[in-house]
Amino acid sequence: MRKLLAVIRREFIERVRTRAFVLSTLLGPVFIALTLFLPLYLSGRQTAPKRIVILDGASGGLGARVDSLLRAAHYGTDESPRSKYEVEWLRTTRVDEVQDSLVRSIGLARSTTPHPDGVVVLTDQALDSGTLRYLGSNVGSPTDMDALQGSLQAAVLAERLSRANLDPEVVRRASSPIRLEKSKVTAGRLTGESGEASFFLAYVMTFVLYFALLIYGIQVMSSILEEKTSRVVEVLAASLTPLQLMLGKIVGVGAVGLFQLTLWAAAAFYLTTNLGPILGLMHVSPDVATSASVPSVSIDLLLVFLTFFVLGFFLYAGLYAAVGAMCSSYQDTQQANMPVTMGIVAGFMCMFPILNEPDGALARVLTMVPFVAPFATPLRYSITPLPLGELLLSMLMTALGVLGVAWLASRVYRIGILAYGKRPSLREVARWIATG
């Protein structure tokens, strides 16, 4: 036991002390914070209003309607909303000449007088065809263009209804769109979490599991292959059994991964539970903080996530360890580890059917399959908590899969770690398992 602990300690310390581990551990919470708060900060920042000139060459009241709607557009819904546009309305019968003059003043950054950011051109032909022209310096912004198009569309619709002797206000109220407000219900109570937040949490958890299992599993394989190619394993085998060597590497690397993910999970828990105060320090308006679709991370979800990471890591690390013991070069491992990697990819792909029907028959079956349960069970739990019996059964089935893989990997490792030369065939590997 002392020798096994020595191997575990060596593998853990050797990786934790590296600069790459320290940087990735520190940058993880920074990345989480940027993902959560940067979009909210940018959406709540003090954006200067766009200077829009309405070049009105149309008959009727289209120009007045556009002017009214653009002046009414604001950022935010708090007590002091900010105007989106500074509007200047020009009526003229010489649309082309005035348009050319205005275009020459757009985008003049060093101009001593205020210049327009864009020009909306209104004509009777544009009203009939439904194609209005906007000439501006910010046409590459989808958000700005969608907002402007929405205001223009409402003005054109109102003008058309008015010309058809229909009351635009009555039609507007009858055709106003509905908004479906989605709220998550867990265990018979409202959580206040939106559908977008639930999807975001499920996606991030699956994404983190995918890369963590892949990266740390390959680290186990590379470490074994490095000692094998350098013949260090022959020295270690004199005082340690092959099983002790394999378990020491798997547990040591797994402890590094668990340590790093625990720090990241703790950072995510702190940031999501203190969203309001942090946004207040950033001087973000209250309406932005209230409308933020940020998922809540509970303690029980963190425990389920970390538990299945450990189970999934031991499952796939055992397979990667067997691949590293079988091969004698990095070129061989690139082909030999493909089936193991495809298992992790399959687990990641299970996210999509589970998101569509988290309590369906397929989702329940996937939580009992050891090779995909590390992905399926935390994903289902993040959407709706599983019954305790189903959760424990999923853990048991995955643990049995870990034991089965450990038995197979130990037999392959025992012979393969001291085998050099050509990579063994599947028949030879089967013989190692049978005689190991």
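Scanning the range 64-85 for residues that are modelled with pLDDT of 85 or more and either in contact with a Lys or Arg (Cβ under 7 Å, 6 or more places away or on another chain) or within 14 Å of LEU135 (Cα to Cα) (or both) yields a total of 1.
Evaluate the range 86-96: report whether one residue or more is out of contact with any strand residue (DSSP E or B) (no Cβ under 8 Å at 6 or more places or on another chain), surrounded by fewer than 15 Cβ atoms within 10 Å (Cβ to Cβ) and either at pLDDT below 80 or of a type outside the set (Ser, Thr, Tyr) (or both). Checked against the condition, which is being out of contact with any strand residue (DSSP E or B) (no Cβ under 8 Å at 6 or more places or on another chain), surrounded by fewer than 15 Cβ atoms within 10 Å (Cβ to Cβ) and either at pLDDT below 80 or of a type outside the set (Ser, Thr, Tyr) (or both), the range 86-96 yields at least one hit.
Just one residue in the set VAL405, VAL372 is under 12 Å from PHE308 (Cβ atoms) and in contact (Cβ under 8 Å) with a residue 12 or more places away in the chain; that residue is VAL372.
Is there any pair with a first residue in the range 209-229 that is closer than 20 Å to TYR420 by Cα and touching a residue at least 12 places away in the same chain (Cβ under 8 Å) and a second that is in a helix (DSSP H, G or I) and charged (D, E, K, R) whose Cβ atoms are under 6 Å apart and which are 6 or more apart or on different chains, and what are they? What qualifies is VAL220/LYS249; SER223/LYS249. Restricting attention to the range 29-50, the residues being at pLDDT 80 or above, under 26 Å from TYR270 (Cα atoms) and surrounded by 16 or more Cβ atoms within 10 Å (Cβ to Cβ) number 0. Out of the range 375-393, which residues are without any contact (Cβ under 8 Å) to a residue 60 or more places away in the chain and either outside any loop (DSSP other than H, G, I, E, B) or not assigned by TED's automatic domain parsing to the domain that holds LEU355 (or both)? Hits for the range 375-393 are ALA376, ARG380, LEU388, GLY389, GLU390, LEU392, LEU393. With respect to TYR420, is the statement that it is outside any helix (DSSP H, G or I) and either touching a residue at least 24 places away in the same chain (Cβ under 8 Å) or over 24 Å from the mean Cα position of the chain (by Cα) (or both) true? Answer is yes for this residue.
Take the conditions over 30 Å from LEU379 (Cβ atoms), in a helix (DSSP H, G or I) and among the hydroxyl-bearing types (Ser, Thr, Tyr) and apply them to SER410. Does it pass? Reasoning before the result, please.
On the way: over 30 Å from LEU379 (Cβ atoms): yes; in a helix (DSSP H, G or I): yes; among the hydroxyl-bearing types (Ser, Thr, Tyr): yes.
Against the criterion (over 30 Å from LEU379 (Cβ atoms), in a helix (DSSP H, G or I) and among the hydroxyl-bearing types (Ser, Thr, Tyr)), SER410 qualifies.
When GLU196 is tested against (1) at pLDDT 80 or above; (2) surrounded by fewer than 17 Cβ atoms within 10 Å (Cβ to Cβ); (3) assigned by TED's automatic domain parsing to the domain that holds VAL251, only condition (1) is not met. For the range 268-291, the count of residues that are part of a helix (DSSP H, G or I) and modelled with pLDDT of 80 or more is zero. Summed over the range 111-167, residues that are part of a loop (DSSP other than H, G, I, E, B) and free of Cβ contacts under 8 Å to residues at least 60 places away in the same chain total 14.
The values are calculated or read from the model by the stated rules, or taken from the named source; none is laboratory data. In this text the structure is predicted, and so the values were computed from the model without any measurement. Using ideal geometry, Cβ is built from the backbone for each residue, glycine included, and neighbour counts are taken over all protein chains shown.
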